[in-house]
Each structure stands twice: as C-alpha cells, then as structure tokens.
Amino acid sequence: MNIKLVCTIGVCLFVGNIYSQSKSVDELLNQIEQNNTQLKAYQSYINGQNLQNKSGNNLPDPQLLGYYLPFGEHQSNDYTEFEISQSFEFPTVYAVRSKWNNIKAEQLQALFTKKRQEVLLKAKQGLISLYILQKQKTIETNRKQQSKQIYEQMQELFNKEQVGILDLNKAKVAWIQEQFVVEQLEAEIQNQMTVLQTLNGEQSLELDNLELKMPFELQTMEVLWSEKLANDPKLLELLTNEASALQNVKLEKNKILPNLALGYNYQGVNGNNYSGVYGGLSIPLWSSKNKVKAAQVNYEYQQSSSQVVKQLLYAELQQEYNQYQLLFDKYTEYQNTIETLNSENLLFKAYNLGEYSFLEYYMEVQFYRDATDKMLQMEKELQLLQAQLLIHQL
C-alpha cells in the first residue's frame, strides 16, 4: 500500500515538474509585459501627461487686493479697501476642454498600446527565434550522434584495413563539423535567452521547453482588416487624432465667449464703510482672432492624413498577407512531402546494412538534410510573418 502511494506521488511530481517547465508563448509574453522596464517608464510618462492635461483646465488662482492709505492731507480717517475676486473663462469652456482632455487621454493610451505591442512583438520574435534554434539543436544533436557512430564504425573498419585513411578522415571531419554546429547553436540560444531576459526586466524566464503553435491559415483579408480597424492602435490613433482636432475646434469656438470675474469689495473711510459684490467680463476682440479657422484647418488636415495613412496600412497588410499565403502553401506542401519520406533514418539504416558507402551515404543524406533545414527556415519565416500580421492581437 505504501509502495503504491509513493509511486503515485512520484508520478504526480514528475508530471507537475514537466508541466511547470513548459511555457506557452502567451504566458511568457504576459510575464514580459508585467516586468518590462520600458513599458513601466512609458506608463509613468503617460500618467504624468494626463495629470498635466487636467491641470490645464483648472481655474485661475483667486486674487486678494488691499489698500490702506494713511498718508497725505485729509481731514477724515484713513482710507481702507480690500477686494477678493475670482476670474474664470466662460463655463462652457471648461466642459468642452474636459472632453478634449478625455480624448487626449485616449490618444496617450493608443500610444502606450502601440509601444506595448512593439515591445511584445520584439519579444515574440525573440521567442520564435529561440524556439526554432531549440528545434534545430535537437535535429543537429541527433545528426551529431549519427556522425559519431559512423566515425566509430569507420575507425573499426580502418583498424581491420577494410577502408582507407581518406574515408576515415572524411567521417571524422563530418563528425567535427556537426559538433561545431551544435556548439554554435548553443551559443546562439544563450544569446537569445539573454535578449529575452533583458526584455523581462533582467528577470529570468523559463525557456527550456517552449510551446509554439504551428503556422496556420489566416482568415480572409477582409476579416483581418476589420479586426485591425477595431483593435490596431495605429488605426485607433488616427481616429483619436481626428476626434481631438474636432474637439479643439469646439473649444476655440467656446473661447470666443467672454471671460468672467466675480468677487467681494469692501471700502471704509471716516467711520463709514461700503461692501458688495464685484463683477466683470472681458471683451474678446483680439485674443481669438483666426484661432477657430486654424483649428478647422488642422481638423481637415487630420481627416485627409488619416485617409492616406489608412490606405498605406491597407496596402502594406495586403502585401504581407499575400506573402504569407504563398509561403504557407509552399511550407505545407514541403512539410507533407518530407515528413512522409523519413529519408534520413532510412538512409542511415541502409548505410548500416552496407548498402551505401560512406561517400554515397553522406551525399544522399546531405540532400535531405538541406531540405529539412529549408523547411525549418520556412517555418521561422512563417511564424515571424504571422506575428507581424496579428500584432493587433498582442
């Protein structure tokens, strides 16, 4: 009974350890988003900008004026006066400016989202590169073991004088080359891990067993563009720029209205005093000249600029989409062909059975290895292109 319990606990711990070591790309991106120092600093900057924009809608400071006039020749008592007043723009200006500040907050949020997606895209590209490197290392490690096994067999045959020194040297060179490829991949993997750790605020990441979805066929171009219109911060930024420019037109129109001032005034002389309400308004003859026209021209510019940028973004998306579809079709055909052949294993078995000489085996297997490497490179290009096309989902 105790043995069964121990075995059960051991299996659970083993499975749990494997699961804990496996991290999906989405989990790692969430972790990087939380720890990235650039995003934290940019968020602080945006918070400061929002507070600064709100402060622009504050009332002016109240004014307190006082007069005490004891000097001069006069028969009455000294003259005293004080006045406290509060000036402010026309009330509707504050309401319109408040809406303008809200739109500017949306602009800043769009900028943060764009910066966030740039950081996460860079991180995702790094994770894709790391995944491909790890996958390539697994393949090359297997090739290194085969090369070592072949070299040891050639050494035995050479000792039996069944092969010449040239064949032995070729086998040794092939083994050395595979060792170097594996060592080079290990160095590249370590460098990529360092880059990702930097993006994660210098905190470690579990990157040994990455989980990456295979490239998949995308939805139609129309659906993809609709998603981007709704979620892509570049396009949302265009909308907020237009809304901000339009709100600025409304603000400038309201600022034509007169500024107001209210206060309290006290005057005292010769034992008598007078007090009452103080009021005033400005006459806006010069301060708003041409400002409404300038705001209107800026709004029209934002509209035309948004249209041009949208057209360019759509054309860029169309090019990337077509490139992806073409590469995806070719990759799928390549993958189906190579995976069904199992050529490297078959050639290795044939070599062990003596059906191929070393030179014949090496030339044949190199052809299929090049094809496998080409397919792996195509997978990397697809993953990177897919990440770029779906950046709005980050």
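The values are calculated or read from the model by the stated rules, or taken from the named source; none is laboratory data. Values in this document were obtained by computation on a predicted structure and should not be read as measured data. Every residue, glycine as well, gets a Cβ built from its backbone with ideal geometry; the counts of neighbours run over all protein chains shown. These accessible areas exclude ligands, DNA and RNA; they are computed on the full protein's heavy atoms, side chains included. Shrake-Rupley method; radii C 1.70, N 1.55, O 1.52, S 1.80 Å.
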Given DSSP loops and a limit of at most 13 other Cβ atoms within 10 Å, what is the longest stretch of the chain that contains no such trypsin sites (Lys or Arg not before Pro)?
1-159
In whole percent, the fraction of accessible protein surface over region 97-250 that belongs to carbon or sulfur atoms, probe radius 1.4 Å, stands at 51
Might you report the magnitude of the Cβ-based charge dipole of the chain about its Cα centre, with Lys and Arg at +1 and Asp and Glu at -1, to the nearest 20 debye?
940
Counting other C-beta atoms within 10 Å, and keeping those with at most 11, which DSSP coil chymotrypsin sites (Phe, Trp or Tyr not before Pro) do you find in region 197-271?
Phe216
Give the accessible surface of the chain per residue, rounded to a whole number of Å², with probe radius 1.4 Å and ligands, DNA and RNA excluded.
61
Computed from the beta carbon distance with a Förster radius of 22 Å, FRET efficiency for Thr141 and Glu211 to the nearest 0.05 stands at 0.65
Label zone at Asp26, where the point sits 7 Å out along the Cα-to-Cβ direction: region 109-133 residues whose backbone N lies under 18 Å:
117, 120-121, 123-125, 127-128
Using only Cα atoms and rounding to the nearest 10 degrees, what angle (0 to 90) does helix 343-352 make with the longest principal axis of the chain?
30
Can you tell which of Val308, Val269, Val173 shows the greatest fluctuation in a Gaussian network model of the chain with Cα springs below 10 Å?
Val269
For the chain, take the longest principal axis of its alpha carbons; what is the angle in degrees between that and the long axis of helix 2-21, to the nearest 10 within 0 to 90?
60
Straight-line reach from Lys114: which aspartates and glutamates fall under 16 Å, measuring Cα to Cα and dropping same-chain residues less than 8 apart?
Glu33, Glu106, Glu227, Asp232, Glu237
Going toward the positive end of the dipole of the chain, with +1 on Lys and Arg Cβ and -1 on Asp and Glu Cβ, which of Asn30, Asn298, Leu120 do you reach last?
Asn298
Too long for a 21 Å Cα-Cα cut-off, among Lys40/Lys310; Lys104/Lys124; Lys122/Lys330; Lys135/Lys213; Lys115/Lys228, are Lys40/Lys310; Lys104/Lys124; Lys122/Lys330
Please compute the modelled spin-label separation between Asn345 and Gln149, points set 7 Å along Cα→Cβ, answer in nm with one decimal.
1.1
Efficiency of FRET from Cβ geometry, Ser226 and Lys374, R₀ 41 Å, rounded to 0.05:
0.70
Chymotrypsin sites (Phe, Trp or Tyr not before Pro) restricted to region 58-113 and DSSP loop, no more than 14 other C-beta within 10 Å:
Phe71
Relative contact order of region 160-300 (C-alpha contacts under 8 Å, at least 6 apart) in percent is 17
Quick one: among Asp370, Asp78, Asp329, which has the greatest mean-square fluctuation in a GNM of the chain with alpha-carbon springs under 10 angstrom?
Asp78
Ignoring ligands, DNA and RNA, please state the percent of accessible area on region 275-323 from carbon and sulfur, probe 1.4 Å.
57
Quick calc, Gln319 & Glu156: beta-carbon distance into FRET formula, R0 51 Å, rounding 0.05, result 0.35
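Throw me the Rg/Rh for region 47-135, computed over C-alpha atoms with Kirkwood Rh, two decimals. Don't skip to the answer; put the middle values down first.
On the way: Rg = 29.0 Å, Rh = 19.0 Å.
Ratio of gyration radius to Kirkwood radius for region 47-135: 1.52.
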Once you keep just the Cα pairs under 8 angstrom separated by 6 or more residues, what percentage relative contact order results for the chain?
24
Cβ-based charge dipole, region 133-193, positive-most Cα from Val173, Asn159, Gln145:
Gln145
